[in-house]
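The values are calculated or read from the model by the stated rules, or taken from the named source; none is laboratory data. These numbers come from a predicted model, not from an experiment. FYI the Cβ positions are ideal-geometry reconstructions off the backbone, even for glycines, and counts take in every protein chain you see. Protein only, heavy atoms only, side chains kept; ligands, DNA and RNA dropped before computing areas. Shrake-Rupley method; radii C 1.70, N 1.55, O 1.52, S 1.80 Å.
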Amino acid sequence: MSSLLEVRNLKKYFFLGKGAGKEQNGVVRAVDGISFTVKKCETLGLVGESGCGKSSAGRVILRLLTATAGEILYEGQNIEQLSHRELLPYRRKMQIIFQDQSGSLNPHLTIGNALGEPLRVHRLIYRKEELKAKVEHLLELVGLSPDQMCRYPHELSGGQRQRVALARALALNPQLIVCDEPVSALDVSIQAQIINLLKELQQKCGLTYIFIAHDLRVVKHISDRIAVMYLGKIVELSSKESLYARAKHPYTQALLASIPRLTPSVRRQPLIFSGEPPNPLNPPAGCHFHTRCPYAFARCAWEEPLLQAVDFDHSAACHLLDR
Ligand code: SF4
């Protein structure tokens, strides 16, 4: 499989306080030099606690936020440098679905109008009958009856609204969809249905996903590879199989240990890391995780560990790998 997307040393900093743009007034390094590739028809899981930068990374990749530095190569083209006009064809190819569908669906538009809107805006369909047929097709694609097109978002369940959000994302025949915590607000049984639908659509439509989640339970069922983020950095990047069987970074191990009812082959002593993540305005020096890591030693407090290969398609950033 060839790469659809390559992210190189991507950074997104938010400058705070008076005289924005000056670091001394406070800067949050939400995304701090991450690099990865996503192959066509692959799913990359992007995982970490709230505030680790995973959602900012998703938005920067889609150019909904401007990068502070780095490159975003889409089919080899650096889209970070494209003008608004040059970016338009790429906007159709890259879509996003959010956790909170009520925020992305206009409460005053019927489902039919919400699905027809992107087709009209991008001037892909003009004739009314053709538009109706396309909307019906989109609803069927996500497992909803065409009868739903006359209803409003508040008349649907959370799972149905997420299906509509997905249908809306599919309207422009995208290649890449960033799924930003798409099932976090849903009941577990509905979560499984949406994940199965995403997998089905990936097969049917040849989709590539970046699937953002705050724990490793949800991404397990859909990801081919997984990047674990902590305070703006990727601390472990691996194929799913290798990560769940042989996680190397203590943070990943702790996230895995927090998943209830793991299979015996991967069950391990729960690792307890204490407290909340540090203030992103003032992250710890050295390894950002050292204030919570049960294995931290002197070097961790002053030297930042870099990602290093530990196996085929598996890398981690931890000084323990050198011991
Ligand atoms: Fe823990 Fe040190 Fe590894 Fe960081 S580098 S995860 S503090 S052992």
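Only one of these is in a loop (DSSP other than H, G, I, E, B) and modelled with pLDDT of 90 or more: 284, 260. Name it.
Answer to the selection: 284.
Residue 69 - would you say it is open to solvent by less than 20 Å² (accessible area, probe 1.4 Å), of a type in the set (A, V, I, L, M) and touching a residue at least 24 places away in the same chain (Cβ under 8 Å)?
Judged against the criteria, residue 69 is not a match.
Scan region 143-152 and tell me whether some residue there is in a loop (DSSP other than H, G, I, E, B), farther than 20 Å from residue 96 by Cα and open to solvent by 60 Å² or more (accessible area, probe 1.4 Å).
So far as region 143-152 goes, yes, one or more of its residues are in a loop (DSSP other than H, G, I, E, B), farther than 20 Å from residue 96 by Cα and open to solvent by 60 Å² or more (accessible area, probe 1.4 Å).
List the number of the failed condition for residue 10; all other conditions in (1) open to solvent by less than 60 Å² (accessible area, probe 1.4 Å); (2) over 19 Å from residue 175 (Cα atoms); (3) in contact with a Phe, Trp or Tyr (Cβ under 7 Å, 6 or more places away or on another chain); (4) in a strand (DSSP E or B) hold.
Exception for residue 10: condition (3).
Does residue 219 meet the test of being buried (at least 21 other Cβ atoms within 10 Å of the Cβ), more than 16 Å from the ligand (Cβ to nearest atom) and in contact (Cβ under 8 Å) with a residue 60 or more places away in the chain?
Here the answer is yes, as residue 219 does meet what is asked.
Tally up the residues in region 273-291 that are within 13 Å of the ligand (Cβ to nearest atom) and in contact (Cβ under 8 Å) with a residue 24 or more places away in the chain, please.
5
Going by the conditions given, is residue 41 surrounded by 18 or more Cβ atoms within 10 Å (Cβ to Cβ) and assigned to a loop (DSSP other than H, G, I, E, B)?
In short, no.
Okay, residues lined up against (1) small (Gly, Ala, Ser); (2) over 22 Å from residue 316 (Cβ atoms); (3) modelled with pLDDT of 95 or more:
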{"residue": "9", "(1), (2), (3)": "no, no, yes"}
{"residue": "18", "(1), (2), (3)": "no, yes, no"}
{"residue": "33", "(1), (2), (3)": "yes, no, yes"}
{"residue": "37", "(1), (2), (3)": "no, no, yes"}
{"residue": "45", "(1), (2), (3)": "yes, no, yes"}
{"residue": "54", "(1), (2), (3)": "no, no, yes"}
{"residue": "67", "(1), (2), (3)": "yes, yes, yes"}
{"residue": "70", "(1), (2), (3)": "yes, no, yes"}
{"residue": "80", "(1), (2), (3)": "no, yes, no"}
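Just give me the residues in region 236-254 being more than 15 Å from the ligand (Cβ to nearest atom), assigned to a helix (DSSP H, G or I) and over 14 Å from residue 307 (Cβ atoms), in sequence order.
240, 241, 242, 244, 245, 246
Mind listing just one residue for me: the one in region 313-322 that is farther than 15 Å from residue 33 by Cα and touching a residue at least 60 places away in the same chain (Cβ under 8 Å) and, of those, farthest from the ligand (Cβ to nearest atom)?
Selected residue: 313.
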